[in-house]
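A short write-up of the structure that comes next.
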Amino acid sequence: MNDNFSLSGMSSPVEIVDQVIAQAVKISASDILFEPQDKQVDVRLRVDGVLQPFGMMPQGAYDQVLSRIKVLGNMDVTENRKPQESKIRFEVEGHPYVLRAAIVSTNFGQMVALRVLDAPRFTDFTDLGMLSELADKIKKNISGRYGLFLVCGPTGSGKTTTVHSCLKHLNSGEVNIMTLEDPVEYIMAGINQIQVGEDIGLDFVSGLKMILRLNPDIVFVGEIRDAQTAEIAIQASLTGHLVISTVHARNCVGALYRLLDLGVDKFMINYALRAILSQRLLRRVCTHCAEEYHPDQLELLMYVRETGNPPGRLVHAKGCELCRQTGYNGRAGIYELMEMNDGIRKLVTDGDSEVKLREELAKDGFKPMTTEGIRLVDEGVTSLKEFIRTIYDAK
């Protein structure tokens, strides 16, 4: 990573902004942060889910860079107290990108966060790193004429890409697919996409009520955040619509109990819910500098706790120019899919605990994300340290 980034050799704020964005695109960064400190402004890029330093610039020079970003986003250049959001269309080597810009005033000045959006290069579920068996199960669960299919995971776990793979699979030209998104991140041909926002007085609840009058076959609701959205989404799924949505939950079981916590009627959940997919993204070990290693005591304990056995051959990477000394290059998805069945529905109806539900799933051969993660560790795709870092929030 270029930690010597400065104004030297650059004649204008335009060149500075162009260089930072071009570098972010080159190394597949998902976010660019300009963070004012006491004496300088730090620039960091998020690569494979982890922030890395890019460089710094003097506070005085940053004022012009900030103005340039505001101009690109048609924001108010004179406003320095209220938060501002915008979209910036940008080209790098002839390829179009969209930057989602957010500016907020902090202790030492205005911080800028730019999310780099590029159309996902997906063609099929297996391109997301899924096993074909799992991909077939997902296709089966989203092929019905009605019902609710949920995707869950924390921010940055790849939910949006998975959902758009679902929509692409369903976009046959014979159905009316409508989406409610906040914001619309990826434009998809043949799909009617609607952006919700407070500024236009359209939220998920009112938007969902509206689009149900527009003869949709398939509805994607960006996120179920509250009881009202959950209720309308489930009602829609019971009246002849396939509804796909996301929910913030650690895992499949957590997502199911999230719906119950929101006060959704458990009988409606049992009738409507088809399946829940939970996912994470693990960084791939750089194949150029990968090497075998022996785990430390903590890593060893974690592995034995997950599998009941000591590990075989484990790899990590020492870092090289190809992976920018991080030891990782790219990411792989790990997934778990909970399909509703009579056993799970009975537990929901009886109001049983999460522990009992997990026991029922184990009897049915349910494969948790931890199993998939350990498989990638054993195959040398990722490191044990990365598995521990990523997966232990999914417990």
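Among the listed residues 317, 332, which satisfies the condition of being small (Gly, Ala, Ser) and under 22 Å from the mean Cα position of the chain (by Cα)? Unique residue meeting the criteria: 332. Do we have any residue at all in the stretch 129-146 that's out of contact with any helix residue (DSSP H, G or I) (no Cβ under 8 Å at 6 or more places or on another chain) and closer than 26 Å to residue 31 by Cβ? Looking for residues that are out of contact with any helix residue (DSSP H, G or I) (no Cβ under 8 Å at 6 or more places or on another chain) and closer than 26 Å to residue 31 by Cβ, one finds at least one in the stretch 129-146, hence yes.
Residues of the stretch 225-241 include none that is modelled with pLDDT of 95 or more, at positive phi and not in a helix (DSSP H, G or I).
For the stretch 322-379, name all the residues that are charged (D, E, K, R), in contact with an Asp or Glu (Cβ under 8 Å, 6 or more places away or on another chain) and free of Cβ contacts under 8 Å to residues at least 40 places away in the same chain. The answer is 367, 372. Of the residues making up the stretch 154-174, those that are in a loop (DSSP other than H, G, I, E, B) and under 22 Å from residue 118 (Cβ atoms) are 154, 155, 156, 157, 158, 171.
Inside the stretch 82-104, can you point out the residues that are assigned to a strand (DSSP E or B), farther than 24 Å from residue 182 by Cβ and not charged (D, E, K, R)? The answer is 92, 95.
Can you spot a residue in the stretch 276-285 that is surrounded by fewer than 19 Cβ atoms within 10 Å (Cβ to Cβ), assigned by TED's automatic domain parsing to the domain that holds residue 347 and out of contact with any Leu (no Cβ under 8 Å at 6 or more places or on another chain)? Looking for residues that are surrounded by fewer than 19 Cβ atoms within 10 Å (Cβ to Cβ), assigned by TED's automatic domain parsing to the domain that holds residue 347 and out of contact with any Leu (no Cβ under 8 Å at 6 or more places or on another chain), one finds none in the stretch 276-285, hence no.
The set of residues in the stretch 129-153 that are among the hydrophobic types (A, V, I, L, M, F, W, C) and either part of a strand (DSSP E or B) or more than 11 Å from residue 335 (Cβ to Cβ) (or both) comprises 142, 148, 149, 150, 151, 152. Scanning the stretch 175-217 for residues that are polar (S, T, N, Q) and outside any strand (DSSP E or B), which turns out surrounded by the fewest Cβ atoms within 10 Å (Cβ to Cβ)? Once the filter is applied, the top-ranked residue is 215. Would you confirm, using the coordinates I've provided, whether residue 79 is over 23 Å from the mean Cα position of the chain (by Cα), of a type in the set (Asp, Glu) and assigned to a strand (DSSP E or B)? It is false that residue 79 is over 23 Å from the mean Cα position of the chain (by Cα), of a type in the set (Asp, Glu) and assigned to a strand (DSSP E or B).
Applying the criterion of being out of contact with any Ser or Thr (no Cβ under 8 Å at 6 or more places or on another chain) and surrounded by 15 or more Cβ atoms within 10 Å (Cβ to Cβ) to the residues of the stretch 73-88, the residue that is farthest from residue 116 (Cα to Cα) is 84. Within the stretch 270-290, residues that are more than 9 Å from residue 329 (Cβ to Cβ) have Cβ atoms under 8 Å from residues that are of a type in the set (D, E, K, R) and in a strand (DSSP E or B) in these pairs: 274/339; 275/339; 277/336; 278/336; 279/336; 281/331; 282/331, counting only partners at least 6 apart in sequence or on another chain. Note on the stretch 99-110: residues that are closer than 27 Å to residue 161 by Cβ and either small (Gly, Ala, Ser) or surrounded by fewer than 19 Cβ atoms within 10 Å (Cβ to Cβ) (or both) total 4. What tally of residues in the stretch 219-240 results from selecting those that are farther than 19 Å from residue 266 by Cα and either buried (at least 21 other Cβ atoms within 10 Å of the Cβ) or charged (D, E, K, R) (or both)? Residues meeting the conditions: 5.
Can you find a residue in the stretch 105-113 that is within 26 Å of the chain's Cα centre (by Cα) and part of a loop (DSSP other than H, G, I, E, B)? No; the residues of the stretch 105-113 include none that is within 26 Å of the chain's Cα centre (by Cα) and part of a loop (DSSP other than H, G, I, E, B). Residue-level analysis places residue 282 among those that are in contact with a Ser or Thr (Cβ under 7 Å, 6 or more places away or on another chain) and within 30 Å of residue 255 (Cβ to Cβ). As a summary of the residue check, residue 126 satisfies the conditions (1) in a helix (DSSP H, G or I); (2) under 21 Å from residue 231 (Cβ atoms); (3) without any contact (Cβ under 8 Å) to a residue 24 or more places away in the chain; (4) touching a helix residue (DSSP H, G or I) at 6+ places or on another chain (Cβ under 7 Å) except for the one numbered (2).
Please go through the stretch 134-187 and pick out each residue that is of a type in the set (S, T, N, Q), farther than 22 Å from residue 207 by Cβ and over 20 Å from the mean Cα position of the chain (by Cα).
Passing the criteria: 141, 143, 172.
If you filter the stretch 291-346 down to residues that are in contact with a Leu (Cβ under 8 Å, 6 or more places away or on another chain) and loosely packed, with under 13 Cβ neighbours inside 10 Å, you find that the one that is nearest to residue 361 (Cα to Cα) is 310.
The values are calculated or read from the model by the stated rules, or taken from the named source; none is laboratory data. What you see is a predicted model; the values in this text were computed from it and never measured. Cβ: placed from backbone, ideal geometry, glycine included. Neighbour counts: every protein chain shown.
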